[in-house]
Amino acid sequence: MSQSAQQHIEPSAKEMRLVIGASSVGTVFEWYDFFIYGTLGAILSKTFFPTGNATLEMLLFWLVFAVGFGFRPLGAVLFGYLGDKLGRKYTFLVTVTLMGVATAGVGLIPSAASIGYWAPAIVILLRILQGLALGGEYGGAAIYVAEHSAFAKRGYHTSYIQASVVGGFVLSLAVVLGCKAVMSTETWNDWGWRVPFLLSILLLAISLWMRFKLSESPVFQAMKEEGELAGNPFVESFTYPGNKRRIFIALFGIAAGLTVIWYTAMFSGLSFLKSAMHIEDTAAELIVGLAALLGMGFFIYFGSLSDRIGRKKPIVIGYALTLLLLFPTYWFIGAVAKDPAQQTAIEWTLRGPDCTYQPFAAKQESRCGKLMADFAGAGVPYTLETSDRLELVAAGKGVIALDDLALDDAKARKAEIEKRAGQTVFNFAKHTPSLGQAALILAGLLLLMALSGATYGPVAALLAEMFPPKVRYSSMSIPYHIGTGYFGGFLPFIASYIVARSGDPYSGLWYTWVVVLIAFLVSWWGLPDGKPRDFADDAT
């Protein structure tokens, strides 16, 4: 690329505020559209995937959630191609429109009770469209801001795009809480949950209004004027000298690691509080939403810090601290989040033959498997042992024989087990944590958000600097969305499956830990040391 095409024309402070504001607001809205599905998991799983098995319903829900992520790489290829050929601005106008329309559509789908299998089929189709749109959105917004920014402030300016991803999650929780506050429980469960999806039309209108005010990226304009646009951006992303190595580092050293930390902090945190800790839904959403809102500051701080100390240090240190602190932080949250009435809850051991769990079965075949589903669905931890007889062992209280238990109805089976145990086993009432408990849970979540900010905040600037401008949209979008789409998108499903199989509510964290370990090793090896530098053919 010629020097003139690479030259940066710095916009005025007012223009830069518009660039950051319009790009960030659009990103907030687009991620709101994507996250609203995950935020309403408890209702949507029953509305679109009713099986009578709470664990299976949630597994199917998270699997369809992952479908949207699975199509993000295809969206990255498609819209990356368009972004490198037609321009940054018009491409992310298309992506935000597609996302808004697909999200509003979810709010219009009749329940499975009304139209049967057509309901989940339509949900899957709309999730695919959402995934395609999101695959083009992030790269466009991040590159657009990076290519307008003064080099010394690129990490700071692009960190607003990173924080906007969290902003979408915060907005989704805020809208849900607002709707629940003005509706009765019956109204909310009946049809009120559809309102957050339908609001996407309003958010889409605001986003388009702001983004139409933007001009094209100066870097893209210069390349277009000089005839230096890529012939086939997708192909050239893999043939440009050194790009395969850069894509490998971006995928396994950056995208995969930062995504699992962020999802473990927020999505897994919310699910953990609601299920395993039996915290009342609204209270859990308020705590997690506040943690996300406050945690956005970490993304901006570490993005700005990376302008001074380099992109590699915050990311690598953040990975290392995550490996050390992930389990202790969750143990801490679990210890302080329990209902005081359950602080001396019994430790259960399930013994029996054929204790295997089938994640996609509507009903477990073995009696032991049925009990595993009961415990996992209620968020009750247990230890599993092999035995010739089906027994439930209560620590300090002896053995409860279950060989004669032949009840197929889950509700009746749970009631009979609680009768034999002489205490509550499954049907714990939801509790609202005290102010002190909420503050400690918030502190734990903020620590996780700080780790997420360290690994996520500098990334938009880093990815823009890693790849040549002529194929930048494609080259950074493809590995980013493969990493976030597959390693991150399947995290809730994989973690839920591990917990169901093991009976340990913390066991799903091992998936996050292993992915972060890989990311730590790759980023330590592959990312360049020293101060930030713009792309050069001899750069990493």
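The values are calculated or read from the model by the stated rules, or taken from the named source; none is laboratory data. If you're wondering where the values come from, they're calculated on a predicted model, not measured in any experiment. For neighbour counting, all protein chains shown are included, and Cβ atoms are generated from backbone atoms with ideal geometry for every residue, glycine included.
For the stretch 468-482, does any single residue satisfy the condition of being in a helix (DSSP H, G or I), polar (S, T, N, Q) and within 30 Å of Ala378 (Cβ to Cβ)? No: zero hits. No other residue among Ile124, Ile143, Ile161, Ile128 is over 18 Å from the mean Cα position of the chain (by Cα) and either in the same structural domain as Leu462 (by TED's automatic domain parsing) or under 21 Å from Lys531 (Cβ atoms) (or both) apart from Ile143. Restricting the first member to the stretch 430-455 and to residues that are under 16 Å from Met277 (Cα atoms), and the second to residues that are assigned to a helix (DSSP H, G or I) and polar (S, T, N, Q), the beta-carbon pairs closer than 6 Å and six or more apart or on different chains are Gly444/Thr329. State yes or no: is Gln423 under 30 Å from Ala320 (Cβ atoms) and surrounded by fewer than 24 Cβ atoms within 10 Å (Cβ to Cβ)? Judged against the criteria, Gln423 is not a match. Kindly check whether there is at least one residue in the stretch 126-141 that is surrounded by 15 or more Cβ atoms within 10 Å (Cβ to Cβ) and more than 30 Å from Leu462 (Cβ to Cβ). Scanning the stretch 126-141 turns up at least one residue that is surrounded by 15 or more Cβ atoms within 10 Å (Cβ to Cβ) and more than 30 Å from Leu462 (Cβ to Cβ). When Pro433, Pro359 are checked against the criterion of being at pLDDT 80 or above and assigned to a loop (DSSP other than H, G, I, E, B), a single residue qualifies: Pro433. Looking only at residues of the stretch 65-87 that are within 30 Å of Ala376 (Cβ to Cβ) and touching a Ser or Thr at 6+ places or on another chain (Cβ under 9 Å), we find that the one that is surrounded by the most Cβ atoms within 10 Å (Cβ to Cβ) is Arg72. For the stretch 269-277, does any single residue satisfy the condition of being of a type outside the set (Val, Ile, Thr), buried (at least 17 other Cβ atoms within 10 Å of the Cβ), in contact with a strand residue (DSSP E or B) (Cβ under 6 Å, 6 or more places away or on another chain) and in the same structural domain as Gly489 (by TED's automatic domain parsing)? Yes: the stretch 269-277 contains one or more residues that are of a type outside the set (Val, Ile, Thr), buried (at least 17 other Cβ atoms within 10 Å of the Cβ), in contact with a strand residue (DSSP E or B) (Cβ under 6 Å, 6 or more places away or on another chain) and in the same structural domain as Gly489 (by TED's automatic domain parsing). In the stretch 381-420, of all residues being among the aliphatic types (A, V, I, L, M) and either in a helix (DSSP H, G or I) or touching a residue at least 60 places away in the same chain (Cβ under 8 Å) (or both), the one that is surrounded by the fewest Cβ atoms within 10 Å (Cβ to Cβ) corresponds to Ala412.
The residues of the stretch 507-540 that are outside any helix (DSSP H, G or I), within 22 Å of the chain's Cα centre (by Cα) and either surrounded by 18 or more Cβ atoms within 10 Å (Cβ to Cβ) or at pLDDT 95 or above (or both) amount to a single one, Gly508.
Within the stretch 279-289, can one find any residue that is surrounded by fewer than 23 Cβ atoms within 10 Å (Cβ to Cβ), hydroxyl-bearing (Ser, Thr, Tyr) and touching a Gly at 6+ places or on another chain (Cβ under 6 Å)? Within the stretch 279-289 (the criterion being surrounded by fewer than 23 Cβ atoms within 10 Å (Cβ to Cβ), hydroxyl-bearing (Ser, Thr, Tyr) and touching a Gly at 6+ places or on another chain (Cβ under 6 Å)), the answer is no, since none of the residues qualifies.
Among the residues here, Tyr37 qualifies as surrounded by fewer than 23 Cβ atoms within 10 Å (Cβ to Cβ), modelled with pLDDT of 70 or more and under 21 Å from Ala265 (Cβ atoms).
Of all residues in the stretch 439-486, those that are buried (at least 24 other Cβ atoms within 10 Å of the Cβ) and among the basic types (Lys, Arg) total 1. The residues in the stretch 313-327 that are over 18 Å from the mean Cα position of the chain (by Cα), more than 16 Å from Gly303 (Cβ to Cβ) and of a type in the set (A, V, I, L, M) can be counted, and the count is 5.
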